[in-house]
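Comments concern the structure below.
All of the numbers you see were taken from the coordinates with simple rules; none came from a lab. Source: prediction; values computed, not measured. Cβ placement follows ideal geometry from the backbone for every residue including glycine, while neighbour counts extend to all protein chains displayed.
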Ligand code: SF4
């Protein structure tokens, strides 16, 4: 639904675009795909306003003036992990003081409480746990499903799916996904993609799955009719060319399957990781990355700004740099906060809607596949006061 007052920005204002970028702007206006060389040129450009104008044309062509959010709750069932990715401050070994493992009852009662607040999705990931059994995972999914048949269970990154398949279920990826889906899984998460280039993976997450293995899990899920999101963890040791290569591989799989609903890039949080010497991506870098992603990924409908990482004020600005989704209420985020993020751990529906309206966009609650929820399907909490909403935006 697009408001009557919305003036379409789907035509390019060439007077505001520097000469060297105009050939790319012309391609975008004509609805043509840009090349990897074009994407690299955009990444190297300091003309942030021009990038915003070009990304906005794509964004409004695809999504009009709407900006969505989801009412969801995060659950990290355990941070115990057999791997030790260098960029990760979340994982622990069983003996570590910060190791945790929630009982199924604890998880169910946290989700039951969030359902009373109106969530439509639980988003659940954890470490690669060495000893939890197949029955534990299936009971968890079944008990969540029994809480509310309409609750969407989005769970497990591609590396968790591989871990379950190879070490826990001892089945193929497809069989594992089928078993999980039968127990209640609604979609898999996009995490774990990091940067696909093998040299980067070797330096920041040695032992993790390869790009081909990550892509294969999603390809298999899509071939079963499933949908998923995709991600990129940037702003560490990767080059701009390696970012473009990452986007290229995502666009290629999307051409093949059409199964990605949205793209969610995250800036690396170095503070408490082994890579603490790396300087965090600046606000300009985050906006540039979002704009280039929006322009290049012409076959993925939605671009999400992850406010947990970038903060709600910058996420709000990003609504003019290609973004059409502010992710969700989340309620309890751990992974980025254990790495040093200083943003709040949750947002209210009112805070997200306020941020979207203030940016001149029309807020719309969405489901896990970015479908708009209207009327009875839309769930809200008891309305917080305007003061509460503004506090959460600060
Ligand atoms: S990023 Fe994932 S796989 Fe790597 S150490 Fe952290 S929890 Fe384990």
| remark: Rounded to the nearest Å, the spacing of the alpha-carbon centers of the range 111-156 and the range 246-323 is 26 Å
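Below 8 Å between Cα atoms, with a sequence gap of 6+, how large is the relative contact order for the range 93-197 in percent?
In percent, rounded to a whole number, it is 28.
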| query | Is the range 116-204 best put as rounded, prolate or oblate by its Cα gyration tensor, with a ≥ b ≥ c the root eigenvalues, rounded for a/c under 1.5, and otherwise prolate when a/b is larger than b/c, oblate when not? | reply | oblate
| Considering the chain as a Gaussian network with a 10 Å cut-off on Cα pairs, which listed residue, 99, 341, 55, attains the greatest mean-square fluctuation? | 99
| said: Using Cβ contacts closer than 10 Å as the measure, can you line up 83, 144, 233 from fewest to most? | reply: 83, 233, 144
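For 57, 292, 82, what ranking results if the residue with the fewest other Cβ atoms within 10 Å of its Cβ goes first?
Ranked by crowding around the Cβ, least crowded first: 82, 57, 292.
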| request: Quote the relative contact order of the range 1-134 in percent (integer), defining contacts as alpha-carbon pairs under 8 Å separated by 6+ residues. | output: 26 percent
| note | Taking only the alpha-carbon positions of the range 1-156 as identical scatterers, the Debye log10 I(q)/I(0) at q = 0.15 Å⁻¹ comes out as -0.85
| request: Work out, step by step, the length gained on full extension between residue 139 and residue 16: first 0.36 nm times the residue separation, then minus their alpha carbon distance; give nm to one decimal. | output: 38.6 nm
| note | If one compares the long axis through the Cα atoms of helix 283-296 with the longest principal axis of the Cα atoms of the chain, the angle in degrees, nearest 10, works out at 80 degrees
| Rounded if a/c is under 1.5, else prolate if a/b is larger than b/c, else oblate: which is the range 52-118, with a ≥ b ≥ c the root eigenvalues of its Cα gyration tensor? | oblate
| note | For the range 204-328, shape from the Cα gyration tensor axes a ≥ b ≥ c, cut at a/c of 1.5 then a/b versus b/c, turns out oblate
| request: Using only the alpha-carbon atoms of the chain, report the extent along each of the three principal axes, biggest first, to the nearest angstrom. | output: 61, 49, 40
| query | In whole percent, what relative contact order does the chain give with Cα contacts below 8 Å and a gap of six or more residues? | reply | 22 percent
| remark: If one compares the long axis through the Cα atoms of helix 134-147 with the longest principal axis of the Cα atoms of the chain, the angle in degrees, nearest 10, works out at 70 degrees
| field | Residues 314, 42, sorted so that the one with the fewest Cβ neighbours within 10 Å comes first | value | 314, 42
| query | In a GNM of the chain with a 10 Å cut-off on Cα contacts, which of 190, 340, 207 has the highest mean-square fluctuation? | reply | 207
| field | Acute angle (nearest 10 degrees) that the helix 173-183 long axis makes with the longest principal axis of the chain, alpha-carbon atoms | value | 80 degrees
| Label zone at residue 112 (point 7 Å along Cα-to-Cβ), backbone N below 14 Å, the range 141-177 | 143-148
